[in-house]
Every structure is written in structure tokens, then in C-alpha cells.
Amino acid sequence: MTGNLFDNATLRFWHGGKIKVVNSGELLYVGGRCRTFQDDPDQLCVWHIMELACKTRGYTKVNSVYYLIKGKSLHDGLRRVEKDASVLEMGQLAMKSKDQNSDTELSTVLPKAEHRHCARHVYAHWHKHFRGDELKLKFWKIAKAYSLADYNDAMAELEELNADAAYNPKCFCRAFMDPSIKSDAITNNMVETFNGYIINARTKHLIYMMEDINVDLMQRLVNKRKEMEKQSTGLCPSIQSMLKKEKEKASMCDVLPSSESIFNVRYYLYQLIVNLQLKTCTSETYVDDCCKTEVYLKCYAGFIPPIEGERHWPRVEMKVDPPPIKVGLGRPRKSRIKDLFEDSKKPGKLSRHGFQGEEVLAGVEELCKAGEEEETRLQLV
């Protein structure tokens, strides 16, 4: 089984062969044929896999199906598909192998980059199996926890609600992020924002699309520079507003000095250590230089040069024909693929499919009480 467990599953069935024992004592699969099926992973279960196994060559009955764990021999890694739990384990092993391969390739190309997963996309897959507003709040509480203490407390609360819903969020949880990377983003909203920024230009021809993107980015750099030059404070506006909220909390803290640079800070039931020399705290770090306006202006100090019109381009004696236009079937897609339970009228908001509201439960309770009263009346009569 390969591919993304939640998007598309590729099942390869080997049949008609035999398992032999070679001289070294190892098992070896000899002969046989392979047939591939593309299927929706949400529909996979034991009986469905048995049906696909029968379709491999028109078998009337299949006694058993086995799957092999990648990287292991037939003797150690062969597992029998008996229950739906084994089907889920088979898919999880395929996803784990895929993630390890992608992480290895990324670390080879970009050794100093930190690989993060988008928490929003992870939640879109996770909530298909674990629904409810309370579980949703616990998921984001774990993902946004800055310290290991907050992370462990949030994980314990999630396990109390549903022990099966516990997961390993180290690739998208703030508590495990490298502090040298000066960004706490756990979603890919920056990429989605840029895609939305150039959505109108993407519908045009390649040359005109690049010209529009060039003009938009050229103006964007100038506008960002002018906006930041108006700031009188040394910090960016968004950082300044966050720091203002933290100052209000700081007025409620009790500070006990330990040395000239180390202090013990108490905030209600929390107790932290602050080091002024190293600019560190138990849960967070100080405002880094990258949040200052001077660094912001350095990032936008460059400019994108304008491009002359096609009329002023240099002439080429060689005749160059444009590439053939390939028109695909159907209307070109402009918007992203919506989730199955996402409200089409409100993008990004999931519907309440599968939830039982308080009004519905209250109505059922009233009907039950009415039925009990009616039954009591009948008995009295």
C-alpha cells in the first residue's frame, strides 16, 4: 500500500505465486502476478480488501490476505489482514514510510531548514475520525503550546476525552520548534496568501502572467517600505500590539532577584526563570532583532526593476514559433478542492455534519418525557 492515506490509496495485490525456502533459510516469493487498484482510503476495511483480492483474477473465494512491512523480510514482516485495525495499521505504516522519505530528501537539499507540517491540513485529516468541538479545542491547544509543560497538560486533557485521539504533533507543535527559527507559524497561510495574491494573474498567458506578478510585487515592496517608515516605534506594529498585551500581564507578576541578571518570576500558579543577560525565559524568548523596524526595512530595501513593453524588446532574426496550446478537458480549476464537510458558502469553515446540537438533544429529551407521561396516563386509566 502506497500513497497518501487520506487522499488516495494504491493497493498492489500479488497473487498466483508460491513462497519457497532458500538455502539460507529465508522465505522467498516466486512467480505470481501483480494487479493495482486505486481506492478511497476511507472505504478500506477487511471485507472490501477481500473483494478486491477476488477481483485480481476472478477468484470466487479468498481465504486470507497478507501485507509486508517495508524494510523487513517475509519471515519477520509478513502480517495477516484479519480486522479493521490491521487495515489501519497497514495505512499508518505506508504513511510513516512516505514521511521518512520526504524528510530525508528535504534534509539533504536543505540541511539547515526546519521541516514543519501544516497544522490546518493535519487537523482536516484528524477530525474525520475524531469529531466534536471539544476535541477541536484540545487539538489546537496542543499545537499552540509554547512550553513542554503546557504541551504535556494539554495532551493529558486530550487523553482523558479520547485515548485513541492522542497523536504525535512534534512536526507542527510550537513546543518542539527550533528557537533559532524566528517564526512560530504552524500553518502554511503565507503560501496560501501569496497564491491568493496572484490568483488573477495565474489565469493569463505565461508572459502576461509574469508581467502582472512583476508589477504587483514591485508595488508591494514600495508600499511595505513606506508603511514601515511611518512607524515611530522601534518594533513592528503587530509585535508592538503583542508586547502591549504582555505588559498588562507583567503588572501582575512578582519578581524575585536571584542575581544581577537572573530573576524568579511568579504569575499566579506559574513560576518562571528569566535571564536578562542571555535574553531567555523558561517558556519563551525575548523580542528578537528580526522583529525590529530596521531589520524589516533591510528586508524590503531591495527593489524589482521594471520591464519594458513588448514593443521595445530586441528583435530576433530567427523565427520562433510559440509552443502549442494544450487545452485540458473541462473548465480550468481556479479554487482549491474543498473538504467533504466544508461549507461551500463559508470557505474554511466546516459544517456541523455528524454533530448533535443541544437543541436536538433537548427536543429528544422532551419527547421522551412526553412519552413517559402518556404511558403513565394510560396505566392509570
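Laboratory data are not the source of any read-out in this text; all were calculated from the coordinates shown. The model shown is predicted, which means the values in this text are computed figures rather than measured ones. Note that each Cβ is placed from the backbone with ideal geometry, even for glycine, and that neighbours are counted across all protein chains shown.
Of note:
- Gyration tensor verdict on segment 235-291 (Cα atoms; rounded if a/c is under 1.5, prolate if a/b is larger than b/c, oblate otherwise): oblate
- Summed residue charge, Cβ within 13 Å of L297's Cβ, Lys/Arg positive, Asp/Glu negative: +2
- By average C-beta atoms within 10 angstrom, highest first, the peptides 70-82, 320-332: 70-82, 320-332
- Rounded if a/c under 1.5, otherwise prolate or oblate - segment 213-262, Cα gyration tensor axes: prolate
- Look at the alpha carbon pairs under 8 Å that are at least 6 residues apart: their mean separation over the length of segment 235-291 gives a relative contact order of 22 percent.
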